[in-house]
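Report on the structure given below.
The values are calculated or read from the model by the stated rules, or taken from the named source; none is laboratory data. Values in this document were obtained by computation on a predicted structure and should not be read as measured data. Quick reminder, even Gly has a Cβ in these numbers, built from the backbone with ideal geometry, and neighbours come from all protein chains shown.
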Amino acid sequence: MRLPEAVKQAQDRVALRFSGILYLASNTFLSSVGRGEDEARVWQRVDAEREGRGMTVFTPFIGGVMGTVEVSSNPFTPNGDGVNDEVLLQFSVYKVQGDKPLLLEVYSLDGELVQRVEQPVLSTTGSQQLSWDGRGRSGQLMPPGLYVCRVGVEVDAAGKEPMVAKLVASVY
């Protein structure tokens, strides 16, 4: 953000109001101010006016770990022509700290697991996406039809992952 003019006196205060999506219950904001252009810019850290005020936001989350899952290219056509060859599942993950893997499980309508993908990520919390190219576990192209895609995140060793299921159609 660029201010219209430099703050020149010590008693001048600048209050900023902004909005965004918070993914954790405790969100710390780090900020710096700079003066100058390009390589000559000098940065200085900004501290809160009072301890604990204005730099950390505590948000009571009442929802689950998984946000709404949006599906793109549904139906999708995994025929190799470069158009809609994959189905894309986009979602947000809340309240998970660390680097937990994202999970994608694809089931045929008779309940058979046809594909399972575990995708490591550097930061699990936030906006995420997974895709499926219409292939089974051995790399074969699955027949056209309806499939259940379950996406989520592995959050504990007990194997109980928060998952959301979406129905997708493969046609070609």
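So V57 passes all but one of these: (1) surrounded by fewer than 16 Cβ atoms within 10 Å (Cβ to Cβ); (2) over 16 Å from V151 (Cα atoms); (3) modelled with pLDDT of 70 or more; (4) in contact with a Leu (Cβ under 8 Å, 6 or more places away or on another chain). Which condition number does it fail?
(3)
Okay, residues lined up against (1) modelled with pLDDT of 90 or more; (2) assigned to a loop (DSSP other than H, G, I, E, B); (3) in contact with a Gly (Cβ under 6 Å, 6 or more places away or on another chain); (4) surrounded by 15 or more Cβ atoms within 10 Å (Cβ to Cβ):
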position	(1), (2), (3), (4)
K100	no, yes, no, yes
Y107	yes, no, no, yes
R116	yes, no, no, no
L122	no, yes, no, no
S131	yes, no, no, yes
R137	yes, yes, no, no
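Give all pairs with beta carbons closer than 6 Å in which a residue from the stretch 111-133 that is farther than 21 Å from N84 by Cα meets a residue that is among the acidic types (D, E) and surrounded by fewer than 16 Cβ atoms within 10 Å (Cβ to Cβ); count only pairs at least 6 apart in sequence or on separate chains.
Taking only residues 6 or more apart or on different chains, the pairs are L122/D99.
When only residues in the stretch 69-87 that are in a strand (DSSP E or B) and either surrounded by fewer than 16 Cβ atoms within 10 Å (Cβ to Cβ) or hydroxyl-bearing (S, T, Y) (or both) count, which is farthest from the chain's Cα centre (by Cα)?
Restricting to residues being in a strand (DSSP E or B) and either surrounded by fewer than 16 Cβ atoms within 10 Å (Cβ to Cβ) or hydroxyl-bearing (S, T, Y) (or both), the top hit is S72.
Can you name the residue in the stretch 142-172 that is β-branched (V, I, T) and in a loop (DSSP other than H, G, I, E, B) and, of all such residues, is modelled with the lowest pLDDT?
Step one: filter the stretch 142-172 for residues β-branched (V, I, T), giving 148, 151, 153, 155, 164, 168, 171.
After this cut, where a residue has to be in a loop (DSSP other than H, G, I, E, B) as well, the list is 155, 171.
On the way: V155: 72, V171: 94.
That would be V155.
Pick out the one residue from E154, E118, E112, E86 that is in contact with a Lys or Arg (Cβ under 8 Å, 6 or more places away or on another chain), among the charged types (D, E, K, R) and farther than 24 Å from G20 by Cα. Explain how you work it out, then say what you get.
Working: E118 fails: in contact with a Lys or Arg (Cβ under 8 Å, 6 or more places away or on another chain); E112 fails: in contact with a Lys or Arg (Cβ under 8 Å, 6 or more places away or on another chain); E86 fails: in contact with a Lys or Arg (Cβ under 8 Å, 6 or more places away or on another chain).
After applying the criteria, what remains is E154.
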